[in-house]
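Here is the structure we will look at.
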Amino acid sequence: MDKLKFATVWLGGCSGCHMSFLDLDEWLIELADRVELVYSPLMDAKKFPEDVDVVLVEGAVANQENEEMAHRLRKASRYVIAFGDCAVTGNVTALRNPLGLALEVLRPVYLENGDANPRLPDEKGIVPVLLDRVLPLHQVIPVDCYLPGCPPDAPRIRAVLQDLLDGKVPQLSVEQRYFG
Amino acid sequence: MSVVTLTIDEKIVSAQEGQTLLDVARENAIDIPTLCHLDGVSEAAACRLCLVEVVGTSRLLPACVTRAAEGMVVHTTTPKLVEYRRMILELFFTERNHVCSVCVANSACELQALAASQGMIHVRLDYLHPHLPVDTSHQQFGIDHNRCILCTRCVRACDEIEGAHTWDVAGRGIHSRVITDLAQPWGEATSCTSCGKCVQACPTGALFRQGSTVAEMQKDREQLAFLVRARKEKQWIS
Ligand code: SF4
Ligand code: SF4
Ligand code: FES
């Protein structure tokens, strides 16, 4: 059987979900036998490939770069998993939403409380422009599977990936569905 | 009191006349999800999670305030009810700001547990993300309006068990908010006896003990039912 082309993506999140992925420990060896890792912050790959079977997407959509990446990965992937609470609900990344739009959040941080030369971080092509509202992944692209948790613990991640490897629709138990 | 016979989820059960469907279901180990119901205080029928279908009635009825009657045929988990409950939960999650990972009640919250048990694995509606205050003016407790679901359990516990009626609800619709005394900061509400019953009654992380951080606000809800039972039935041992 051909190996599944497997990717992981890091959008607006703290990387905790990826750390939790590494908590899969020796099961990662088993996984490596069954999938081919084609893109991930954990490896050296510059461009998201054209053809991916399964992708874990950590983080909310917080800036334009996240948004473009979300569309790119959706176009190229058969099965998109919202990986962790930030991707599923916005979570900590979306804590800024009640405080106002992007500028209202940036202003007190970079202008009102900035030191020597207060200015907004607006280096074109280098610093991604913030979206006015942080969005959960499914409000930007269609999502095939939700894997909640902050971070989702290794057994949850394994449960979802194991089901996919077995050709089944992933089913999480009630305990594995908790946010937080 | 006379006894009636009814059917809940194909199971024939008997009940005291006047008993609520919720009561009868629980006595018979049939699980109906609830949020605003709290053992020991009156019902508010505010959350609508306990809605059930009763054959012959086109409306859905809240089990916590619907009385059992002879010959009733009740369904508690039809596909329609499952979908409605999920939608109600999504509305709770969008109306205020719930961030379980950084919440005092994480892993001890009835709303969070219901989302998991009722299969609300993501929210299809847009989040409103309102800007809401946290009042920590009270010496021992605090209220975070971001987490309040307006179940009024605090209002009823304070009024009916403690007899202080510090809490009430002000405003209408989406602007409703629980208040202390005449919408003063909690620390200035002179009717508050600092008994902490509201904190125990609250199903979420909205009411908390000061100094609790993420996942530290464990609550003892049985305590309230115990107090009520003790007073009414002079039963001081649980
Ligand atoms: S109150 Fe409950 S549902 Fe809301 S954030 Fe806290 S733990 Fe989550
Ligand atoms: S503070 Fe807690 S108990 Fe009171 S209405 Fe809000 S959620 Fe319910
Ligand atoms: S428990 Fe019946 S409406 Fe809330």
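The values are calculated or read from the model by the stated rules, or taken from the named source; none is laboratory data. As the structure is a prediction and not an experimental result, all values here were calculated from the model. Glycine also receives a Cβ, built like all others from the backbone with ideal geometry; neighbour counts cover every protein chain displayed.
For the stretch B:205-216, the criterion of being under 26 Å from residue B:45 (Cα atoms), polar (S, T, N, Q) and surrounded by 12 or more Cβ atoms within 10 Å (Cβ to Cβ) is met by none of the residues.
Per the listing B:124, B:96, the residue uniquely basic (Lys, Arg), facing chain A (nearest Cβ under 9 Å), under 30 Å from residue A:171 (Cα atoms) and out of contact with any Gly (no Cβ under 6 Å at 6 or more places or on another chain) is B:124. Does the stretch B:168-187 contain any residue that is away from ligand 2 (no atom under 11 Å from the Cβ), away from chain A (no Cβ under 14 Å) and hydroxyl-bearing (Ser, Thr, Tyr)? Scanning the stretch B:168-187, I find no residue that is away from ligand 2 (no atom under 11 Å from the Cβ), away from chain A (no Cβ under 14 Å) and hydroxyl-bearing (Ser, Thr, Tyr), so the answer is no. Can you find even one residue in the stretch B:88-101 that is among the charged types (D, E, K, R) and outside the structural domain of residue B:205 (by TED's automatic domain parsing)? No, the stretch B:88-101 contains no residue that is among the charged types (D, E, K, R) and outside the structural domain of residue B:205 (by TED's automatic domain parsing). Would you please name the residue that is farthest from the chain's Cα centre (by Cα), looking only at residues in the stretch B:47-66 that are more than 16 Å from ligand 1 (Cβ to nearest atom), surrounded by 15 or more Cβ atoms within 10 Å (Cβ to Cβ) and assigned to a loop (DSSP other than H, G, I, E, B)? Across the stretch B:47-66, the extreme among qualifying residues is B:66. Only residues that are within 14 Å of chain A (Cβ to nearest Cβ) and away from ligand 3 (no atom under 16 Å from the Cβ) were counted across the stretch B:197-224, and they come to 6.
Criterion first (away from ligand 3 (no atom under 16 Å from the Cβ), of a type outside the set (A, V, I, L, M, F, W, C) and within 14 Å of residue A:81 (Cβ to Cβ)) does residue A:155 satisfy it? Judged against the criteria, residue A:155 is not a match.
Examine the stretch B:168-177 for a residue that is of a type outside the set (Asp, Glu), more than 16 Å from ligand 3 (Cβ to nearest atom), touching a residue at least 24 places away in the same chain (Cβ under 8 Å) and surrounded by 21 or more Cβ atoms within 10 Å (Cβ to Cβ), and state whether such a residue exists. Looking for residues that are of a type outside the set (Asp, Glu), more than 16 Å from ligand 3 (Cβ to nearest atom), touching a residue at least 24 places away in the same chain (Cβ under 8 Å) and surrounded by 21 or more Cβ atoms within 10 Å (Cβ to Cβ), one finds none in the stretch B:168-177, hence no.
I want to confirm something. Restricting to the stretch B:83-104 and keeping residues that are within 15 Å of ligand 2 (Cβ to nearest atom) and not hydrophobic (A, V, I, L, M, F, W, C), which single residue is farthest from residue A:95 (Cα to Cα)?
Here the residue is B:95.
Residue count for the stretch B:172-189, restricted to those that are farther than 15 Å from residue B:133 by Cα and assigned to a loop (DSSP other than H, G, I, E, B): 4. If you go through the stretch A:94-124 and keep only what is among the hydrophobic types (A, V, I, L, M, F, W, C) and outside any helix (DSSP H, G or I), you end up with A:101, A:116, A:120.
Can you tell me which of B:147, B:153 is modelled with pLDDT of 95 or more, within 14 Å of another protein chain (Cβ to nearest Cβ) and within 12 Å of ligand 2 (Cβ to nearest atom)?
Being modelled with pLDDT of 95 or more, within 14 Å of another protein chain (Cβ to nearest Cβ) and within 12 Å of ligand 2 (Cβ to nearest atom) holds for just one of B:147, B:153, which is B:147.
Applying the selection to the stretch A:59-104, what residues are under 16 Å from residue A:15 (Cβ atoms), among the charged types (D, E, K, R) and more than 14 Å from every other protein chain (Cβ to nearest Cβ)? Of everything in the stretch A:59-104, just one residue is under 16 Å from residue A:15 (Cβ atoms), among the charged types (D, E, K, R) and more than 14 Å from every other protein chain (Cβ to nearest Cβ), namely A:65. When the residues of the stretch A:142-169 are filtered to those that are surrounded by 19 or more Cβ atoms within 10 Å (Cβ to Cβ) and assigned to a loop (DSSP other than H, G, I, E, B), the one that is farthest from the other protein chains (Cβ to nearest Cβ) is A:152. Among what's in the stretch B:30-60 and is more than 10 Å from ligand 3 (Cβ to nearest atom) and within 19 Å of residue B:4 (Cβ to Cβ), pick the residue that is farthest from the other protein chains (Cβ to nearest Cβ). Applying the filter and picking the extreme gives B:56. Within the stretch B:104-146, which residues are buried (at least 17 other Cβ atoms within 10 Å of the Cβ) and among the hydroxyl-bearing types (Ser, Thr, Tyr)? Answer for the stretch B:104-146, where residues must be buried (at least 17 other Cβ atoms within 10 Å of the Cβ) and among the hydroxyl-bearing types (Ser, Thr, Tyr): just B:127. Considered as a group, the residues in the stretch B:190-203 that are in a loop (DSSP other than H, G, I, E, B) and in contact with a Phe, Trp or Tyr (Cβ under 9 Å, 6 or more places away or on another chain) include one that is nearest to ligand 2 (Cβ to nearest atom), and that residue is B:202. In the set (1) assigned by TED's automatic domain parsing to the domain that holds residue B:205; (2) surrounded by 21 or more Cβ atoms within 10 Å (Cβ to Cβ); (3) part of a loop (DSSP other than H, G, I, E, B), the condition left unmet by residue B:35 is number (1). In the stretch A:105-141, the qualifying residues are those that are basic (Lys, Arg) and away from every other protein chain (no Cβ under 12 Å), and the one that is surrounded by the most Cβ atoms within 10 Å (Cβ to Cβ) is A:107.
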